[in-house]
Every structure is written in C-alpha cells, then in structure tokens.
Amino acid sequence: MQTHHTPLLQSVVGSCIRAVRGRMAHPVDLNDSQDWQYLEDGLLIADVKGNIIHLGAFEAADTQYKSLNCFQLGPEMTLLPGLIDLHTHLPQYSVTGAQEASLLEWLEKHIFPVEASFENASVVGAQTAQFLKALLAAGTTTAAVFLTVHPPLVDAVFQAASAVGPRLITGLNLMDCNGPKTLLRSPKSLLADTEALCTQWHGQNRGKLFYAWMPRFALSCSPELLAGVGALREKYPDVYLHTHLSEQLSEIRAVSQTFPDCPHYAGVYEQFGLLGPKSLFAHSIHLSQAEWETIQESDSSVIHCPSANFFLKSGRFPWEKLNTDFKNIPMGLGSDVGAGPSLCMFDVMRDAQYMQPDSLISVRQLFHAATLRAAHALQLESEIGNFKPGKAFDAIVVQTSPSKTQLDEILAELIYTGDDRNVLMNVVQGEVAYCRASLSNSIK
Ligand code: GUN
Ligand code: ZN
C-alpha cells in the first residue's frame with residue numbers, strides 16, 4: 001500500500017504526528033548500550049495521547065497501520081529518541097564562555113551577577129523564551145534545569161514549557177550563604193516558596209513538568225537550609241533533588257572546612273537526608289571510594305558534564321567506574337551551560353569521548369547515556385528514553401550525509417561533526433515542538 005507524504009497542516013509546530021515511516025534507530029537495553037534496533041524502513045505509530053503503540057519494519061506491519069497517513073522521512077533523515085540533558089542552567093545561557101581560573105572565582109565574577117539580573121521581569125521573559133527555543137532546536141526533549149532564587153522565574157519557565165513542549169525538571173535555586181546579598185534569602189522564605197512552587201507545578205502539563213529541590217551546592221547553603229530541604233524530601237518522596245557535588249578540588253577543600261564533622265562532600269548531603277533515588281548529583285568528579293559506595297548504596301544518580309569540566313579545568317569524571325565497580329549507579333550527561341559552551345548534546349557526547357584518555361567509548365554508548373540511561377537516572381525509563389511501545393513518543397529527526405547509511409556512521413557523524421543544524425525536528429509526546437525551516441517548508 002502506498003503511503004502519503006504528509007501535508008503536516010498549516011503550522012508544523014504544535015501539530016501532532018501519529019505515524020512516521022523511514023530510517024529509525026533506538027537503544028533497546030538499559031544494561032547493554034550496544035544493543036540497538038535499527039530499521040532502514042521502519043514504521044512508528046503513536047496514539048492520540050502521543051504514546052507509541054507500534055514500532056517495526058514497514059513491510060511487516062498490518063495493513064491498517066500501513067494505510068495510515070505517514071510522515072515520510074527523506075533518505076538523509078533518521079528518527080532517534082529525544083535527547084536528555086540532565087544538568088544545565090537557564091540563567092547562564094547568555095554568559096557562556098566567560099573564562100576564569102577556578103569555579104569559585106567564575107561563580108563570583110560572572111555567574112552570580114547574571115543570576116541577580118533575573119530580579120528583572122523583562123530579563124526573565126526574554127531569557128526564558130530564548131533558552132527553551134535553543135534547547136528544543138538542539139534536540140533536547142527532557143532537561144533538568146537550574147534557575148535562580150527568584151520565584152517569578154520558576155513560574156515563567158514552567159508556564160513557557162507548558163506552551164512549547166519540553167519535559168522539564170526544575171525548581172527554585174536555594175542559596176542563603178556565600179554569595180552576593182542580592183541572591184541570598186532567608187532559609188525560611190526559600191523553603192516556603194519552594195514548597196509552594198512544588199505544590200503548584202509538580203506533575204503539571206500532563207505529567208511533563210517535574211519539580212526538584214535545588215540547593216545550589218553545599219557551600220551556598222546553611223545547615224538550617226539543608227535540613228529544611230531534607231524535611232521536604234521526606235515529605236514529598238516523589239520530587240527530585242538536584243545539586244552539584246565534588247566538581248573542583250578548591251571547592252572540596254572549602255566544603256570540608258565548612259562542614260568539618262562530615263567525613264566527605266557526599267557525607268554533607270547524606271547527613272541532611274538528601275541522597276536517594278531521584279537525587280541527581282552533577283559532576284561527581286573527585287569522589288573517594290567511600291563516597292562512590294555511599295552514592296551507590298543510596299541509589300542516587302550522577303551526571304557527567306564533560307564540556308563544563310574541560311572549560312573550568314575541573315578534572316576528569318571516571319566514567320570507567322560506572323561500567324565496572326559502580327555499574328549500578330544511574331548516570332547520564334549534562335551540558336552544564338554556561339560552564340559548558342553548548343546546549344547541544346552531540347557536543348557533550350563528543351567531549352565525553354575526548355575526556356577519556358585511554359579507553360574508547362562507543363558512539364552507541366554515548367547516545368545510550370543521553371537517552372535510555374539518562375531516563376533511568378530520572379527513574380523515567382518506563383516513560384521515555386527509547387521507542388518501546390507504551391512509552392511517550394519523544395523523538396528527533398536528524399539529517400546526515402547521504403553516504404552514511406550504517407547506524408554507527410550516522411551516530412558518529414552527529415557526535416564528531418554535528419551540531420543543532422543536524423536537528424530537523426523535535427517531537428515531545430507526539431507533538432512537534434520544533435521544526436527547522438528547511439524541513440517545515442518541504443512538508444507544508
Ligand atoms: N557549583 C555551584 N554552582 C555552580 C554553577 O552554577 N555551575 C557549575 N558548573 N558549578 C557550580
Ligand atoms: Zn551546574
């Protein structure tokens with residue numbers, strides 16, 4: 001039966017896609033990153049709610065599916081699962097590339113001033129729109145995002161995400177010490193605001209918005225604030241916790257001076273009840289054996305942010321530990337903009353590869369870490385991360401050279417020479433959240 005080239009309606013963005021035909025690939029096994037399903041002429045069908053109900057070779061599909069009005073991918077296009085960015089900062093998008101000798105100096109000189117500017121409503125509106133657009137254009141369908149201490153920014157971001165699409169895990173940035181006065185607030189008011197925002201937003205937009213408790217890092221938080229976050233975590237076990245851990249040696253020294261009774265950095269968070277499933281620890285570079293064990297035993301997740309680690313010269317994340325002794329620790333990748341220069345996860349995957357000095361990370365393993373493995377780190381592996389029927393239809397359409405027809409060649413081209421120009425379309429829950437003009441014109 002003949003399929004039709006879809007007239008994707010007047011406006012492509014916001015329209016729903018129920019059937020796609022063409023080249024498609026996805027990782028199928030959480031524990032084996034090499035195991036991918038690759039369909040040269042595949043058919044993916046989603047239901048009206050945007051959940052996948054069928055995936056397989058076109059030729060083998062039932063007549064009822066074959067006769068659906070499909071979005072036909074061009075010969076240079078591939079459908080892949082949407083990318084997951086587990087750690088980035090919206091307010092820092094406008095100050096990427098601000099060089100400084102160390103993390104703590106960089107925060108003080110460049111990051112805290114720009115975050116303070118989010119007091120201003122016009123900055124909030126403009127930066128929120130710009131960031132979300134760039135995130136979608138980069139192929140990210142789910143992101144865990146740091147904001148600032150300003151509640152109106154949290155509202156604006158959740159509201160904008162409801163309109164334009166991505167799954168977001170975010171919340172109020174919590175800091176009450178070691179920063180400029182303009183960014184510090186009392187623990188009581190921060191805790192009251194963050195709880196109110198959580199109640200308002202967690203689970204909204206048909207389950208695509210998630211709240212996270214976000215103490216910036218141990219150095220920004222008093223024991224009173226950390227204890228309050230621990231109490232919230234206990235009260236709302238379903239809510240995420242997202243923070244920074246063990247990024248630079250000078251930061252670690254400062255943490256041990258500030259919390260002399262704790263055995264190590266991870267022990268600070270442990271003492272206040274902040275470890276556990278749905279706890280996301282960005283960086284986690286310089287952890288001791290005892291800290292790795294603490295993270296593993298608590299079922300917490302770690303987030304590797306290679307581009308940011310290169311930029312701030314923070315050190316090397318020991319990925320190999322997560323394939324051997326600590327392979328049960330959930331992990332994923334983060335762009336960490338603005339320490340990382342790019343929101344595009346292809347760039348982050350490339351840097352993750354370059355960062356390992358003497359062991360090759362396969363291109364499948366890199367994409368696996370930015371899709372299925374990241375979904376697992378969020379405890380969302382039954383909802384997103386690949387195209388298994390029953391999951392949400394979150395996907396990107398990418399374009400690569402016509403000469404590339406093998407899966408590994410296509411993934412390698414994206415990682416080593418790709419950027420957001422390779423992303424033609426971003427689909428979240430079956431709805432087009434972004435479409436590049438060239439594709440949009442060809443399917444109108
Ligand atoms: N540690 C505490 N705050 C930050 C931040 O904004 N970026 C990075 N990379 N590390 C941090
Ligand atoms: Zn960060």
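Entry comment: accessible area of the stretch 128-266 is 34 Å² per residue, from protein heavy atoms only and a probe of 1.4 Å. State whether the stretch 136-192 is rounded, prolate or oblate according to the following rule on the C-alpha gyration tensor (a ≥ b ≥ c being the square roots of its eigenvalues): a/c under 1.5 gives rounded; otherwise a/b larger than b/c gives prolate, and the remaining case gives oblate. Taking the square roots of the gyration eigenvalues as a ≥ b ≥ c, the stretch 136-192 is prolate. The alpha carbons of the chain occupy a box of 71, 47, 39 Å along the principal axes, longest dimension given first. Annotation: per residue accessible area for the stretch 355-429 equals 34 Å², rounded to a whole number [probe 1.4 Å, protein chains only]. Taking 7 Å steps out from each Cα toward its Cβ at ASP325 and GLU409 produces label points 4.1 nm apart. Pairs exceeding a 28 Å alpha-carbon distance, out of LYS133/LYS208; LYS208/LYS313; LYS133/LYS321; LYS278/LYS327: LYS208/LYS313; LYS133/LYS321.
In the chain, the portion of solvent-accessible area held by carbon and sulfur atoms comes to 52 percent [1.4 Å probe, whole percent, DNA, RNA and ligands not counted]. Seen against the Cα atoms of the chain and their longest principal axis, helix 345-355 is set at about 60 degrees. Relative to the longest principal Cα axis of the chain, at what angle does helix 289-298 sit, 0 to 90 degrees, rounded to 10? The answer is roughly 60 degrees. For the chain, take the longest principal axis of its alpha carbons; what is the angle in degrees between that and the long axis of helix 187-201, to the nearest 10 within 0 to 90? Long axis of 187-201 versus the principal axis of the chain: about 20 degrees. Prolate is the label for the stretch 402-444, because the ratio a/c of its alpha-carbon gyration tensor axes (a ≥ b ≥ c) is 1.5 or higher and a/b is greater than b/c. The residue among GLN257, TYR269, LEU39 whose Cα reaches farthest toward the positive pole of the charge dipole of the chain, with charges on the beta-carbon of Lys, Arg, Asp and Glu, is LEU39. Using C-alpha pairs below 8 Å separated by at least 6 residues, the relative contact order for the chain is 21 percent. Partners of LYS391 within straight-line reach, counting aspartates and glutamates whose Cα lies under 13 Å from its Cα and excluding those fewer than 8 residues away in the same chain: ASP47, GLU381, GLU383.
Here the dipole of the stretch 1-118 is about 580 debye; that uses its Cα centre as origin and unit charges on the Cβ of Lys and Arg (positive) and Asp and Glu (negative). Between ASP238 and ALA126, with labels modelled 7 Å along Cα→Cβ, what's the label distance in nm to one decimal, could you check? Here the modelled spin labels are 3.9 nm apart.
Checking every one of the trypsin sites (Lys or Arg not before Pro) in the stretch 313-410 against DSSP loop status and a limit of 15 other Cβ atoms within 10 Å picks out LYS313, ARG316, LYS327.
Extension gain for the segment ASP62 to ASN31, taken as residue separation times 0.36 nm less the Cα-Cα distance, is 8.1 nm to one decimal. Cα centroid separation, the stretch 7-83 to the stretch 304-374: 27 Å.
Between ALA196 and ALA290, the FRET efficiency estimated from the beta carbon spacing at R0 = 41 angstrom works out to 0.65. Considering only ALA412, ALA254, ALA19, the Gaussian network model of the chain with Cα springs below 10 Å gives its largest mean-square fluctuation to ALA254.
The values are calculated or read from the model by the stated rules, or taken from the named source; none is laboratory data. As the structure is a prediction and not an experimental result, all values here were calculated from the model. Reconstructed Cβ throughout: ideal geometry from the backbone, glycine too, with neighbour counts over all protein chains shown. Only protein heavy atoms, including side chains, enter the accessible area calculation; ligands, DNA and RNA are left aside. Shrake-Rupley method; radii C 1.70, N 1.55, O 1.52, S 1.80 Å.
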